[in-house]
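Taking it in order: structure first as C-alpha cells, then the write-up.
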Amino acid sequence: MAHGEVLEFEEYVRTRQDALLRSARRLVPDPVDAQDLLQTALARTYGRWDGIADKRLADAYLRRVMINTRTEWWRARKLEEVPTEQLPDACIDDSTEQHADRALLMDIMKVLAPKQRSVVVLRHWEQMSTEETAAALGMSAGTVKSTLHRALARLREELESRDLAERAPRALAPNKEQERCAA
C-alpha cells in the first residue's frame, strides 16, 4: 500500500473510530469483545483499503467485515456453548432507567441468530433503509423485511416471557399489608 493510502486509512480510522465502535458494541454485547471486533475488522480492511474505489462506502465495507467476523466468532463458539432452560440475570450497574432498558435489550438481542441480529442493528440502531441494509448484508430487500419481522417477533416473545417470569414471583409473595392483617 502506498504511503498516501496509509495516511488516508489512518485519518479515516481517527475520524470514524467512535461511530464504528458504537456499531461494534451493538453487534456484540461485551465491550471488550466489541473493541476486539473493531480491531480485527480494521486489520482486515487495512489489507484491502486500496481496493475500495469509493472511500465514501468505507463505513459500509467495514460494517460488513465486522458482521462477517462476528459471524465467524459465533460459529466458532457455538460448539462450546451449552443451551440452558433459564437465561442468567442481566447485571445492571447503573440505576437509570435508560441504562437498564439498554442492558435488557442487549441481553435479549442474544436470543437472535446472527443474521437477524445484523438486520435489527443495521435497520434500527444504524437507521439504514431497507435497501441499504440489503446491500450491506448482500441480500434482497424482501429478505431483510422478512428477517426483520421474524427478529422483532422473537424479541417481543422474549420480552413477554421475561415480563411474565418477573411478575409471577411478585404475585405469589404476600405484601406487607396482607401480612399485618393476618397477624
task: Place +1 on the Cβ of every Lys and Arg and -1 on the Cβ of every Asp and Glu in segment 1-82, take the dipole about the Cα centre, and give the residue among 62, 27, 2 whose Cα lies farthest towards its positive end.
output: 27
task: Just grab the label-to-label distance for residue 124 and residue 56, each label 7 Å out from Cα along the Cβ direction, in nm (one decimal).
output: 3.0
task: Could you work out, for segment 1-82, what percent of all Cα-Cα pairs fall into each 10 Å distance bin, beginning at 0 Å and stopping at the bin that holds the largest distance?
output: 17, 50, 24, 8, 1
task: Using 0.36 nm per residue of separation minus the Cα-Cα distance, give me the extension gain between residue 110 and residue 87 in nm, one decimal.
output: 7.3 nm
field: Förster radius 41 Å - calculated FRET efficiency between residue 150 and residue 3 (Cβ-Cβ, nearest 0.05)
entry: 0.30
query: Suppose R0 equals 25 Å; then what is the FRET efficiency for residue 165 and residue 73 from their Cβ-Cβ distance, rounded to the nearest 0.05?
result: 0.30
- request: Can you put 16, 63, 25 in order of Cβ neighbours within 10 angstrom, beginning with the fewest?
  value: 16, 25, 63
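Report the extension gain between residue 139 and residue 15 in nm, rounded to one decimal, defined as 0.36 nm multiplied by the number of residues separating them, less their alpha carbon distance.
41.7 nm
Computed from the coordinates by the stated procedures, all read-outs in this text should not be read as laboratory data. On a predicted model such as this, the values are computed, not experimentally measured, just so you know. Ideal geometry is used to build each Cβ from the backbone, glycine not excepted, and the neighbour counts take in all protein chains shown.
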